[in-house]
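Reviewing the structure listed below.
Just so you know, all these numbers are worked out from the coordinates, no wet-lab data involved. Predicted model only: the values in this text are computed from it and were never measured. So basically every Cβ, Gly included, is an ideal-geometry build from the backbone, and we count neighbours across all protein chains shown.
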Amino acid sequence: MLRNEISRRFRTLTLALVAALFVAGCAANNRDVAGGAVQPGSVQDFVVNVGDRVFFAVDQTTLSPTARATLDKQAQWLALYPQYQLTIEGHADERGTREYNLGLGARRSTAVRDYLVSRGVDASRLNTISYGKERPVAVCNDESCWSQNRRSVSVINNVSS
Amino acid sequence: MMPINQMMNVQKFRPIGSSGALISRVAAVTCLVLTFLAFSSPASALLRIDITEGNIQPLPIAIPDFVAGGGRDAQVAGDITDVIETNLRRSGLFTPVDENAFVERIENFDAAPRFGDWRIINAQALVTGRITVQPDGRLKAEFRLWDVFAGQQMTGQQFFTTPENWRRVAHIISDAIYERLTGEKGYFDTRIVFVDETGPKDNRRKRLAIMDQDGANVRYLTNGGDLVLTPRFSPTSQDITYMAFTGADPRVFLLNIETGQREIVGNFPGMTFAPRFSPDGQRVVMSLQQGGNANIYSMDLRSRRTTRLTNSPSIDTAPSFSPDGRRIVFESDRGGSQQLYVMNADGSNPQRISFGDGRYSTPVWSPRGDLIAFTKLHQGKFLIGVMRPDGSGERVLTEGFHNEGPTWAPNGRVLMFFREVPGEAGGPQLWSVDLTGFNLQKVPTPSFASDPAWSPLLN
């Protein structure tokens, strides 16, 4: 029954989100409208207002103060919305060899998972996966892109359940 | 006339076996029948390329179009000649003489050539051949290799095969010429498995593909639905092992390239990656990700028993066996940065072997056992290099923006790797280079290509 209630609420949220995106699309220059239209507890809310990713220094897995601040917000948000499960993706830039970068990405996703657990998130809600250097988001060949690719992304993976 | 051993830096070479001896064998894959053709008595001092030194002077070799046994055989005779010529040229050890310079036109395969006509155009070696479609439909391919200045036949062989196998016949003849003139096994009758890459850089579609070493006969082994990486040949069977992103955790798989049958290697709790076969084909070594650490495991393919080989709080990966199966080289950042280590095959006694500046990774043991090839990251560049198994004698073969993932030709003389062209529209391409660092060649592929792995000799 509870599950049905949640499911119903989700459908409502989804409809609201679609409407909100439509509004946001029409008023892309107005941050207040766009930001205010994001439904709390939605994936959009997580990505836009919490931040789904943190970045790493070259060949490093330590969490910077900025990264920890983002992850603190993720932990708080996850406490508010206990229905969600996360997959934490670990990524590396292209300036490493393929096999090592798979290990490095795994190390980064593990660092994020361990931090979230230390902030009270139940470990059973968190999965990790490494993509090594296989999934870049920025494709130029200098540090401006590499710094965006050295990342961990927290992906909500049970949106429609 | 100067003797050939002064002109061409060649050495004396022992004669072939007693004249008239017939040797035949059957290659399992193609049912090729091979016979040595006896022509004249073997001479004692014949042509040889010394390939122990770098940057050798390529040997001028004349390869006139093979004689067609019948009118309809001319096309395949010409095609086979072209493949042989391309193979020998790409090896960097031979310079095929321009056919416009030929004086004699070879029309009778059974007669000795007019050596003077070939000496005058400075051909050191001459290859003649004949292609005939037999009444039963099989292709008969014959060739002779001549030492032009000695006026002697160096070797002669004949093969029977099905017409579809004409490229393989050309590769096998190329290998025979290469072996007779260098004293080392060839590598032309081989294949490459690699990752074919299409689509934009931030959304690449990757497929396993296999092709002949010269880029012909490309065949796709996966459909691009799953991300696939690091395919490696079995030394003993028609299997490859590779990594694929399917299901919750990326896994190491075995794929039979004849039947298409696929299976997961082992039942590990987490991502497995960087697989490679043991030299006897009975085991796969790979990394298992455990939290932030990767350790190396071995799985016996018959008993399915797994053995843990490393146990350190680090990324241990890219394991590669020595050809005798007794040792494994791998990379680890246990000392703070990626370096190469050699351990016994049971995981005991790991010793660091790389001590130069920079980070070392993707070590691959030469099939000859004498060298280990690697990728090195130094001062923002990616280099391909080799060192002895004890870490001494490090040499760089090529360097640039990004070179990665060397693989050895089965004779341990040529390496293939991938090189990234930078830029948004850039991508990886396959290249080969001689062990000496010379003869850098792009390997033709249909699209971008990475992670090459060289097969053993097929014949």
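May I ask you to derive the FRET efficiency for B:Glu99 and B:Lys442 from their Cβ-Cβ distance with R0 = 22 Å, giving the value to the nearest 0.05? Spell out each step's value before the answer.
On the way: r = 25 Å, r/R0 = 1.12.
Once the sixth-power term is evaluated, E becomes 0.35.
Where does each of B:His402, B:His378, A:His91 land when they are ranked from fewest to most other beta-carbon atoms within 10 angstrom?
On the way: B:His402 21, B:His378 15, A:His91 27.
Fewest to most other Cβ atoms nearby, the residues stand as B:His378, B:His402, A:His91.
From other protein chains only, count the Cβ atoms within 10 Å of every residue's Cβ in B:243-250, then give the mean. Walk me through the intermediate numbers first.
On the way: counts 4, 0, 5, 0, 0, 3, 4, 7.
Average per residue, whole number: 3.
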Listed here are the pairs B:Lys185/B:Lys376; A:Lys133/B:Lys442; B:Lys185/B:Lys206; A:Lys133/B:Lys206; B:Lys201/B:Lys381; which of them are more than 22 Å apart at the Cα?
B:Lys185/B:Lys376; A:Lys133/B:Lys442; B:Lys185/B:Lys206
Restrict the search to the range B:62-140; then list the GluC sites (Glu not before Pro) that DSSP places in a loop and that have at most 14 other Cβ atoms within 10 Å of their Cβ.
B:Glu107
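Return the loop-located trypsin sites (Lys or Arg not before Pro) in the range B:300-393 (DSSP other than H, G, I, E, B) with at most 15 other Cβ atoms within 10 Å of their own Cβ; answer none if there are none. Please report the intermediate quantities before stating the final value.
Values: sites: B:Arg302, B:Arg304, B:Arg305, B:Arg308, B:Arg326, B:Arg327, B:Arg334, B:Arg352, B:Arg359, B:Arg368, B:Lys376, B:Lys381; in loops: B:Arg302, B:Arg304, B:Arg305, B:Arg326, B:Arg334, B:Arg368.
Sparse-neighbourhood loop trypsin sites (Lys or Arg not before Pro): B:Arg302, B:Arg304, B:Arg305, B:Arg326, B:Arg368.
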What distance in nm separates the simple spin-label points at B:Arg305 and A:Glu143, each placed 7 Å from Cα in the Cβ direction?
5.2 nm
Return a whole-number percent for the relative contact order of chain B, with Cα pairs under 8 Å and 6 or more residues apart as the contact set.
10 percent
I'd like the projected area of the range B:191-454, averaged over all directions, using the convex hull of its alpha carbons. Report it in nm² with one decimal.
13.2 nm²
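With r as the distance between the Cβ atoms of A:Val117 and B:Thr162 and R0 = 56 Å, compute the FRET efficiency 1/(1 + (r/R0)^6) and round to 0.05.
On the way: r = 63 Å, r/R0 = 1.12.
Computed FRET efficiency for B:Thr162 and A:Val117: 0.35.
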In the P(r) worked out for chain B, what percent of Cα pairs fall beyond 45 Å?
17 percent
Expressed in angstrom and rounded, the centroid-to-centroid distance over alpha carbons for the range B:299-377 and the range B:156-173 is 39 Å
Let me have the 222 nm mean residue ellipticity of chain B computed from DSSP H runs of 4+ only, each contributing -39500 (n - 2.57), with the sum over all residues rounded to the nearest 500.
-3000 deg cm²/dmol
Fewest first, what order do B:Trp118, A:Trp146 take by the number of other Cβ atoms within 10 Å?
A:Trp146, B:Trp118
Please find the FRET efficiency linking A:Thr87 to B:Asn349, where r is the Cβ-Cβ separation and R0 is fixed at 35 Å, and quote it to the nearest 0.05.
0.35
Can you classify the range B:145-246 as rounded, prolate or oblate using the Cα gyration tensor, where a ≥ b ≥ c are the square roots of its eigenvalues, rounded means a/c under 1.5, and otherwise it's prolate if a/b beats b/c and oblate if not?
prolate
Full extension between B:Ala74 and B:Glu399 adds, at 0.36 nm per residue less the Cα distance, a length in nm of 112.6 nm
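On alpha carbon coordinates alone, what is the Rg over Rh value for the protein assembly as shown, Rh being the Kirkwood radius? Could the numbers behind the result be given before it?
On the way: Rg = 29.3 Å, Rh = 27.3 Å.
Radius of gyration over Kirkwood radius for the protein assembly as shown works out to 1.08.
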Among B:Asn87, B:Phe66, B:Ala77, the residue whose Cα sits farthest towards the positive end of the charge dipole of the range B:56-97 (+1 at Cβ of Lys and Arg, -1 at Cβ of Asp and Glu, taken about the Cα centre) is B:Asn87
Report, to the nearest 10°, how far helix B:74-90 tilts away from the longest principal axis of the Cα atoms in chain B, using its own Cα long axis and a range of 0 to 90°.
60 degrees
Mind pulling the angle between the C-alpha long axis of helix B:166-182 and the longest principal axis of chain B? Nearest 10 degrees, somewhere in 0 to 90.
80 degrees
Rg and Dmax [Cα atoms of the range B:243-359; Å; Rg one decimal, Dmax integer]:
14.3, 46
